[in-house]
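Okay, structure first, notes after.
The values are calculated or read from the model by the stated rules, or taken from the named source; none is laboratory data. Since this is a predicted model, take the numbers as computed values, not measurements. Here the Cβ positions follow ideal geometry from the backbone for every residue, glycine too, while neighbour counts run over all protein chains shown.
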């Protein structure tokens, strides 16, 4: 994420994801219908006058300040009601198609905008939620009765792995048919994890009873948060509304208050998703969690698991947080699992995150020189763009200062080139992105910033000194976002670095301002009412050459195959993402690598990718992942699923054995360097005997306490490209002298 202050606006945030955009409401599981026994009556929530004022205030903010304000018209408000349905019931399991038709008929598009923007009427929001709650209560009653009867696990039926793009069941009969298969799916999950059928019934029943309890935590402010966020989402995916409670917990929720597991969490269609891992925290040190993993249930050290699908983010965070040294257990669906039914139970030890462990760190790798010897190449990994702003102590750590220190230490060891690894860097302070770029260029513009009014401001490096002027490679991925994209793109524009990675970086080139609703609605304060806040996109970023980083991200010079290409994790996968565009170039002194030299780098890399065993192993993992991704449904036949589970285990075992064999013969020796005392040993998760593993790359399973894996395919190739770059940019006489 990227933080910035403007003179006339509150805190501005540029981040990889909108972590708290939706408060969540229900479980990611199938839909409702007529119960066979009386259901508990749903509550009937109603809006307060203050919420009506906030609704009108939000619409005004969006129309006056949002960067995309001219592109949204009253006709676009036809999406608000369907989007609210999706926010509450993302997997389309509880609400009915007839519910949507009924509520849309009562709130026609030609009058909806007027009712919301001028009258502040929240009636549609509460009509949707109250219907939703009743459907969930009816469905859980139905589930409890259905679980008492037998199920056929020899069926040839299947269940869709993702219902988000399918239709809601049209009526109660269709919903019952859907839930017949959903319950088979739920029970199969438990049977595959070595539960008896009775144990499976009990566990599934408890899961849906917990969903009912979660409903009781939902209040009027939460309903407004879902609905107002659906309105903000018409403008772009990063604008949102925070209820008072969510706003109060904003910094805590984003960073788990630095106590807990050290992870940034978000909600996607009712499911808690791990958006970012805080470097140096338990989640990072355990090496068992990755971005986009889904947290399905949480348990304390000795308690039972509590289903968190459909639970509010605040409650999930509270369950995960705890005293230092205590344990929390997570039931996780790995993001890279080829089979979406895979579950992993992880145990993490809560801790106060060691911020020194989150700082930049480096290493020197020894690469074969082709003459029987080795040459040293440096790597610096930057987890985030941390630093100080005008409010902070001058003693606070700075990413730029830390990298400058590491560069000095690596240069003292005589490195022949440097890799700047930004693969898992989601952004940070803009000031640090600018000053860090300045370590590699004499001076000049780094980023251009355009306001919604069309005004362009240029942030530039004014320090003529250069910390490192040798061969440079920037390693990126689809998770490199915001400030990372600014640095990678600027260095690429200047011809100062060769960028390597996925086909593009994340593509988030926008910045948001957080505005307290009380500051624009003083009548709320006079009434003594607590107001929420709005996060509104107000600026876009552009590289020195005028190209936006929005949507397209930064396109690497050399591309390495990756599973990331087949995951919906880029900005272009988000609804209403702002378009890519470009502005006039700024004036800067670019010295691009000659086309023939760049072509040589690409050719040599392509030859290695086609021939080296490590890429053959990578390709097998990617092909298997693609194959499973194309399977849109999962079998509900027990024996079929057991067979698939056996096949998956055999594939993982073979991949692990092949990776370990390569480590023995092909790993590059390296020595690590830190700007602070070396981090403590990694916290290892306790692995249940029957744990199901995912289909991730073998290097992610590395058990070493070292910060660099022995067989990191992407880093290894970036080092080889760096060696090639040195050959094409360094005079032959200089290479001959250093080789002596």
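Output yes when any residue across segment 632-645 is at pLDDT 95 or above, in contact with a helix residue (DSSP H, G or I) (Cβ under 8 Å, 6 or more places away or on another chain) and within 22 Å of residue 379 (Cα to Cα), and no when none is.
no
Closer than 27 Å to residue 290 by Cα and either in the same structural domain as residue 723 (by TED's automatic domain parsing) or at pLDDT 95 or above (or both), is that true of residue 439?
no
Condition check: touching a helix residue (DSSP H, G or I) at 6+ places or on another chain (Cβ under 7 Å), at pLDDT 95 or above and either in a helix (DSSP H, G or I) or outside the structural domain of residue 559 (by TED's automatic domain parsing) (or both). Does residue 467 satisfy that?
Spelling it out, it is not the case that residue 467 is touching a helix residue (DSSP H, G or I) at 6+ places or on another chain (Cβ under 7 Å), at pLDDT 95 or above and either in a helix (DSSP H, G or I) or outside the structural domain of residue 559 (by TED's automatic domain parsing) (or both).
If residue 515 passes every condition in (1) assigned to a strand (DSSP E or B); (2) at pLDDT 95 or above but one, which one does it miss?
Residue 515 satisfies all of (1) assigned to a strand (DSSP E or B); (2) at pLDDT 95 or above except (2).
List pairs: first in segment 622-634 and under 18 Å from residue 713 (Cα atoms), second at pLDDT 90 or above and not in a helix (DSSP H, G or I), Cβ under 7 Å, 6+ apart or cross-chain?
Pairs that qualify, where the first residue is under 18 Å from residue 713 (Cα atoms) and the partner is at pLDDT 90 or above and not in a helix (DSSP H, G or I), are 622/561.
Just one of 378, 414 is at pLDDT 90 or above, in a loop (DSSP other than H, G, I, E, B) and in the same structural domain as residue 507 (by TED's automatic domain parsing); which is it? Don't jump to the end; show me each part of the working.
Numbers: 378 fails: in a loop (DSSP other than H, G, I, E, B).
Testing whether each residue is at pLDDT 90 or above, in a loop (DSSP other than H, G, I, E, B) and in the same structural domain as residue 507 (by TED's automatic domain parsing) leaves just 414.
Quick one: is residue 274 closer than 27 Å to residue 539 by Cα, surrounded by fewer than 22 Cβ atoms within 10 Å (Cβ to Cβ), touching a helix residue (DSSP H, G or I) at 6+ places or on another chain (Cβ under 6 Å) and at pLDDT 80 or above?
no
Can you tell me which condition residue 198 does not meet? The list is (1) touching a helix residue (DSSP H, G or I) at 6+ places or on another chain (Cβ under 9 Å); (2) loosely packed, with under 14 Cβ neighbours inside 10 Å; (3) at pLDDT 90 or above; (4) farther than 30 Å from residue 75 by Cα, and all the others hold.
Against the list (1) touching a helix residue (DSSP H, G or I) at 6+ places or on another chain (Cβ under 9 Å); (2) loosely packed, with under 14 Cβ neighbours inside 10 Å; (3) at pLDDT 90 or above; (4) farther than 30 Å from residue 75 by Cα, residue 198 comes up short only on (1).
Does segment 342-354 hold any residues that are within 21 Å of the chain's Cα centre (by Cα) and modelled with pLDDT under 75, and which are they? Lay out the reasoning, then the answer.
Here is the first cut: in segment 342-354, the residues within 21 Å of the chain's Cα centre (by Cα) are 342-346, 348, 353.
Passing the criteria: only 353.
Please pick out the residue among 154, 173, 177 that is part of a helix (DSSP H, G or I), loosely packed, with under 15 Cβ neighbours inside 10 Å and touching a residue at least 24 places away in the same chain (Cβ under 8 Å).
Sole residue among the options that is part of a helix (DSSP H, G or I), loosely packed, with under 15 Cβ neighbours inside 10 Å and touching a residue at least 24 places away in the same chain (Cβ under 8 Å): 173.
For a quick check of your reading of the model, give me the residue pairs whose first member lies in segment 641-653 and is in contact (Cβ under 8 Å) with a residue 24 or more places away in the chain, whose second is surrounded by 16 or more Cβ atoms within 10 Å (Cβ to Cβ) and in a helix (DSSP H, G or I), with beta-carbon atoms closer than 8 Å and at least 6 apart or on different chains.
641/188; 641/192; 642/192; 645/192; 651/624
Could you tell me which residue of segment 289-311 is modelled with the lowest pLDDT, considering only residues that are part of a loop (DSSP other than H, G, I, E, B) and touching a helix residue (DSSP H, G or I) at 6+ places or on another chain (Cβ under 9 Å)?
310
Filter segment 310-335 down to residues that are out of contact with any strand residue (DSSP E or B) (no Cβ under 7 Å at 6 or more places or on another chain) and surrounded by 21 or more Cβ atoms within 10 Å (Cβ to Cβ) and give me whichever is farthest from residue 162 (Cα to Cα).
312
Tell me whether segment 74-95 contains one or more residues that are more than 26 Å from residue 270 (Cβ to Cβ), out of contact with any strand residue (DSSP E or B) (no Cβ under 6 Å at 6 or more places or on another chain) and part of a helix (DSSP H, G or I).
Yes; the residues of segment 74-95 include at least one that is more than 26 Å from residue 270 (Cβ to Cβ), out of contact with any strand residue (DSSP E or B) (no Cβ under 6 Å at 6 or more places or on another chain) and part of a helix (DSSP H, G or I).
Across segment 668-686, which residue is nearest to residue 616 (Cα to Cα) among those that are at pLDDT 95 or above and touching a helix residue (DSSP H, G or I) at 6+ places or on another chain (Cβ under 9 Å)?
Among residues in segment 668-686 that are at pLDDT 95 or above and touching a helix residue (DSSP H, G or I) at 6+ places or on another chain (Cβ under 9 Å), the one nearest to residue 616 (Cα to Cα) is 668.
Mind checking whether some residue in segment 540-554 is under 17 Å from residue 243 (Cα atoms) and in contact with a strand residue (DSSP E or B) (Cβ under 9 Å, 6 or more places away or on another chain)?
No, because not a single residue in segment 540-554 is under 17 Å from residue 243 (Cα atoms) and in contact with a strand residue (DSSP E or B) (Cβ under 9 Å, 6 or more places away or on another chain).
In this structure, does residue 360 turn out to be modelled with pLDDT of 90 or more, farther than 22 Å from residue 710 by Cβ, within 24 Å of the chain's Cα centre (by Cα) and assigned by TED's automatic domain parsing to the domain that holds residue 715?
Values: modelled with pLDDT of 90 or more: yes; farther than 22 Å from residue 710 by Cβ: no; within 24 Å of the chain's Cα centre (by Cα): yes; assigned by TED's automatic domain parsing to the domain that holds residue 715: yes.
So residue 360 does not fit the description; no.
Please enumerate the residues belonging to segment 591-619 that are surrounded by fewer than 14 Cβ atoms within 10 Å (Cβ to Cβ) and either over 29 Å from the mean Cα position of the chain (by Cα) or over 23 Å from residue 722 (Cα atoms) (or both).
591, 592, 594, 595, 596, 599, 603, 606, 607, 610, 611, 613
Just the residues that are under 26 Å from residue 281 (Cβ atoms), part of a helix (DSSP H, G or I) and at pLDDT below 95, please, taken from segment 701-740.
If the condition is that a residue be under 26 Å from residue 281 (Cβ atoms), part of a helix (DSSP H, G or I) and at pLDDT below 95, then 701 is the only one that fits.
Does any residue of segment 572-583 turn out to be touching a residue at least 40 places away in the same chain (Cβ under 8 Å), touching a helix residue (DSSP H, G or I) at 6+ places or on another chain (Cβ under 6 Å), within 30 Å of residue 460 (Cα to Cα) and not assigned by TED's automatic domain parsing to the domain that holds residue 182?
yes
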